[in-house]
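The structure under discussion appears below in the form of structure tokens.
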Amino acid sequence: MIISGAVHPSITTNLLKSLADPDIVDLSYALAVFRRIPRPSNFQWNTIIRACSRNQVPQESVALYREMCREGVTPDVYTFQFLFKACSQCSSIREGQTVHGNFLKLFDGSDIFARNSLIHMYSELGHIEVARRIFDGMDQKNVVSWTMMVGCYAKIGCMDEARSLFDQMPERNVVSWTSMIASYVQIHQFEEAVGFFKKMVSSNIKPDVVAMVSVLSACSHLRELDLGKWVHHFVSKERIGMTRHLAVALIDMYAKCGDMDAARQVFDSMGSKVLVAWNAIIDGYCKLGKLDVACSLFDQMGDRDLVTFNSMITGYVQNSSFKDAFLLFSELWHSGLKPDNFMIVSLLSACANLGALYQGKMLHAYIEQSSAEPDVFVGTALVDMYAKCGLIGEAKQVFNIMPNKDVLAWTVMISGLALHGDGKSALDHFLLMREEGIRPNRVTYVAVLSACSHSGLVEEGYFHFNEMVSIFNIEPQIEHYGCMVDLLGRSGYLKDAERLIQSMPVEPNAVIWGSLLGSCRVYNDVELAEKAAKNLLVLEPQKDAIYILLYNIYNSTGRWSSAVELRGMMEGCGIRKLAGCSTIVIEGIVHEFIAGDRSHPQFDEIQTMMSAMATRLKLAGHVPRISQVSLDIDEEEKENILFNHSEKMAIAFGILKLGKNIPIHILKNLRVCRDCHSAIKLIAKIWNREIVVRDRSRFHHFRQGQCSCGDFW
DNA sequence: GTAGGGTTAG
């Protein structure tokens with residue numbers, strides 16, 4: 001509707017009044033009406049000033065206030081109330097102080113509403129002390145004054161202060177309680193949030209929609225399905241109108257608790273589905289691995305935003321569908337949307353999983369030139385990516401310049417160092433972290449103990465394992481026992497490892513038995529290996545590695561008949577050895593080598609290089625460890641098979657294609673065999689190359705005839 | 001006429 005001509009004053013006032021209603025406000029229309037008023041009244045000025053602040057154009061409110069003063073209209077307390085609100089939205093303390101000064105010139109400041117608005121303004125502008133002074137100076141305070149002062153402290157995470165004020169309140173209403181609940185949610189103290197909600201209900205304060213939305217968010221994080229259901233039930237019982245906020249909170253709660261049927265019911269019952277609701281339900285399906293359902297919803301929806309894409313991409317990454325993740329990312333890129341920190345983190349995690357250094361570096365470059373400020377999530381994801389892609393030095397560099405390192409950032413750095421066999425540096429970082437006053441958690445201890453196990457630090461391992469319990473009260477989980485079994489076993493204390501398994505309060509899982517079996521292979525302990533394999537086969541009857549390890553142990557210890565028998569069993573069960581596969585990336589292109597495979601287009605060239613490698617290795621005194629090959633074939637053939645292991649092919653290709661100063665990075669799907677390990681040490685020396693191999697459990701840095709793992713892996 | 005609320009990441 002366009003306003004033309006003069007309008008009767010009473011009509012404009014009523015129009016403005018209705019326009020001030022937050023649900024039907026249409027600012028441009030309201031302004032058009034306002035501008036048609038010849039001499040606006042005090043009330044009309046107030047209405048339009050409030051409308052501007054409600055519509056997120058607080059600067060306009062301040063401008064209108066100035067105009068009002070110029071026109072000679074005297075502002076009243078209401079004017080100032082709306083102005084204080086506008087100033088808090090402008091986030092300009094200067095503006096706020098000026099308006100506050102103007103207010104004091106006209107009024108003595110005893111008006112409780114105006115004072116409350118001032119408390120709110122100073123709180124929003126981050127000047128808590130001023131807010132507190134105003135609060136303390138009030139002769140009369142109402143429940144809103146108290147609630148806002150509580151909110152002041154809560155907003156900046158000073159929950160002790162907030163709580164002590166809350167306890168002193170003469171009376172509390174639903175907003176006071178919700179303020180506490182929402183603040184605990186914001187600082188991730190979800191148990192406290194739930195506790196306050198329960199206390200509120202038992203104090204006979206009836207929760208309203210906002211209180212329920214707040215507590216539902218806590219339920220989502222805590223997977224508190226029962227309380228979540230109670231809230232939902234309460235909504236129907238009390239006939240509380242379902243708002244969009246509430247519906248989304250319910251969908252999210254059900255989705256996070258894994259009850260997708262209930263989530264879907266709420267979603268389907270929504271009249272007009274807001275984007276946030278779509279995002280919440282899609283994320284739920286992604287998290288449960290139901291990517292097909294998520295994908296079909298994704299296709300059905302109209303508008304999508306970054307959150308939608310982020311949920312889908314993260315879903316793909318966490319289900320190891322890395323290709324789909326990158327495909328969707330390119331769709332997003334071409335649609336003109338720019339990735340935010342959330343998406344960069346998910347993509348970096350994909351790169352870390354894939355060992356995709358090239359793409360990881362591209363993302364790093366993107367972060368550096370992008371205007372978005374990298375946060376602790378991005379920093380940690382970068383550290384993790386570099387560590388898992390073999391560049392531990394780069395990982396350290398990124399870590400060192402990170403400003404606010406939290407416990408996870410430290411943990412990722414420590415586990416990166418562990419992965420690269422630098423146990424000493426990992427433990428140094430652990431000490432530094434504690435000096436910074438950061439409390440380690442369970443995951444940190446997994447990293448610390450695995451650092452000990454990857455570097456053979458038995459004493460240190462015991463020390464930290466004990467401290468974890470005695471100082472930090474962390475009950476050892478199966479992962480911690482796994483690290484300890486690994487540490488003891490690999491260091492040759494097989495009996496102690498076995499004893500630890502027997503004394504654990506938890507049932508040993510496949511990781512524990514697998515680790516023990518691996519250690520038995522190193523020390524060729526047949527008896528214990530058989531015990532471990534027997535337990536393992538109950539848990540993972542189809543796993544090829546169990547048979548292979550035991551088979552190798554039989555071979556190495558000359559138990560040929562047992563070996564033959566085992567092979568028969570394998571064949572009988574239809575179990576085949578997973579083929580060794582190594583990849584190397586050259587100029588962004590992934591080259592894949594499978595043991596014995598001749599399909600690479602440059603195979604002849606590679607073959608020539610491999611022969612040269614074999615000759616020079618022999619000259620350097622390398623004796624192939626043919627006991628690693630378990631086939632009934634002659635010695636020369638065994639040597640050939642060893643020499644066609646995928647990592648050797650990939651390295652040959654790397655030497656051919658990469659400049660002398662560029663480290664050769666190889667990714668392998670299995671563990672490096674002993675023969676390859678000693679061969680690669682020599683290759684690194686003979687060709688004077690740095691070779692980095694990421695195998696299934698760790699990194700090996702080969703340099704000058706040595707490996708960073710100290711032959712302990 | 002002043003106060004509290006929903007979706008994504010390491």
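So, with +1 on the Cβ of K and R and -1 on the Cβ of D and E, and no other charges, what is the size of the charge dipole of chain A about its Cα centre, to the nearest 20 debye? Could the numbers behind the result be given before it?
Numbers: 71 positive and 78 negative charges, 144 e Å.
Once rounded to the nearest 20, the dipole reads 700 debye.
If one computes the Cα centroid of segment A:141-189 and of segment A:523-587, what distance in Å separates the two points?
62 Å
Setting aside same-chain residues fewer than 8 positions from A:Lys256, which lysines have a Cα under 25 Å from its Cα?
A:Lys198, A:Lys199, A:Lys229, A:Lys237, A:Lys273, A:Lys287, A:Lys290
With unit charges on the beta carbon (Lys/Arg positive, Asp/Glu negative), name the residue among A:Gly284, A:His127, A:Phe603 whose Cα is farthest towards the positive pole of the charge dipole of chain A.
Final value for the positive-end residue is A:His127.
With everything on Cα atoms, drop me the angle between helix A:458-470 and the longest principal axis of chain A, reported from 0 to 90° to the nearest 10.
Value to nearest ten degrees: 30.
By accessible area of protein heavy atoms, probe 1.4 Å, what ranking do A:Val213, A:Val307 get, highest first? Don't jump to the answer; show the numbers that get you there.
Details: A:Val213 35, A:Val307 75 Å².
Heavy-atom accessible area, descending, gives A:Val307, A:Val213.
Could you work out how far the C-alpha centroid of segment A:195-224 sits from that of segment A:295-358, in angstrom?
That distance is 34 Å.
Put +1 on the Cβ of each Lys and Arg and -1 on the Cβ of each Asp and Glu in chain A; which of A:Val623, A:Ser110, A:Met484 then has its Cα farthest toward the positive end of the dipole?
A:Ser110
What whole-number value in Å² describes the accessible area per residue of chain A for a 1.4 Å probe?
On the way: 34880 Å² over 713 residues.
Here the residues of chain A average 49 Å² of exposed surface.
When only the heavy atoms of the protein chains count and the probe is 1.4 Å, how do A:Glu475, A:Glu224, A:Glu435 rank by accessible area, highest first? Each step should come with its number before you reach the end.
Values: A:Glu475 125, A:Glu224 60, A:Glu435 145 Å².
Ranked from most to least accessible, the order is A:Glu435, A:Glu475, A:Glu224.
Translational diffusion coefficient, Stokes-Einstein: compute it for segment A:372-468 using the Kirkwood radius over C-alpha pairs as Rh, at 25 °C and 0.890 mPa s, and state it as an integer in µm² s⁻¹.
186 µm²/s
Percent relative contact order of chain A, based on C-alpha pairs within less than 8 angstrom and at least six residues apart? Numbers along the way, then the final one.
Values: 994 pairs, mean separation 34.5, N = 713.
Contact order relative to length: 5 percent.
Could you point to the residue in A:Gln168, A:Leu516, A:Gln97 farthest towards the positive end of chain A's charge dipole, with +1 and -1 charges on the Cβ of Lys/Arg and Asp/Glu respectively?
A:Gln97
Using a probe of 1.4 angstrom, how much of the accessible area of chain A is carbon and sulfur, in percent? Intermediate values should be presented prior to the final figure.
Numbers: 18240 of 34880 Å².
The C+S portion of the solvent-accessible surface of chain A is 52 percent.
Nearest 500 deg cm²/dmol is fine: what mean residue ellipticity at 222 nm does chain A get from its DSSP H runs of n ≥ 4 alone, each adding -39,500 (n - 2.57), divided by its residue count?
Values: 38 runs with 475 residues, N = 713.
Result for chain A: -21000 deg cm²/dmol, rounded to the nearest 500.
Heads up, I need the accessible area for A:Leu619: 1.4 angstrom probe, whole protein in place, Å², nearest 10.
Its heavy atoms expose roughly 150 Å² to the probe.
Could you tell me how many degrees, from 0 to 90 and to the nearest 10, lie between the Cα long axis of helix A:112-124 and the main elongation axis, the longest principal axis, of the Cα atoms of chain A?
Compared with the principal axis, the helix lies near 30 degrees.
Tell me, what ³J(HN,Hα) does each residue in segment A:706-713 have, in order and in whole Hz, if you take phi through Karplus 6.51 cos²θ - 1.76 cosθ + 1.60 with θ = phi - 60° and put x for Gly and Pro?
Along segment A:706-713, the couplings run 10, 10, 4, 7, x, 6, 10, 8 Hz.
Take the alpha-carbon centre of segment A:385-437, take the same for segment A:26-102, and report the distance between them in whole Å.
53 Å
At a probe radius of 1.4 Å, what is the per-residue accessible area of A:His420, in Å² to the nearest 10?
Using a 1.4 Å probe on the heavy atoms, I get roughly 10 Å².
Please give the helix A:77-90 orientation as an angle from the longest Cα principal axis of chain A, in degrees from 0 to 90, rounded to the nearest 10.
20 degrees
Ignoring ligands and nucleic acids, what accessible area does A:Met504 show with a 1.4 Å probe (Å², nearest 10)?
Approximately 20 Å² of A:Met504 is accessible to the 1.4 Å probe.
The values are calculated or read from the model by the stated rules, or taken from the named source; none is laboratory data. Bear in mind that the values here come from a model prediction, so they are computed numbers and not experimental data. Because the Cβ atoms are built from the backbone with ideal geometry, glycine has one as well, and the counts that use them run over all protein chains shown. These area figures cover heavy atoms from the full protein model, side chains too; ligands, DNA and RNA do not enter into them. Shrake-Rupley method; radii C 1.70, N 1.55, O 1.52, S 1.80 Å.
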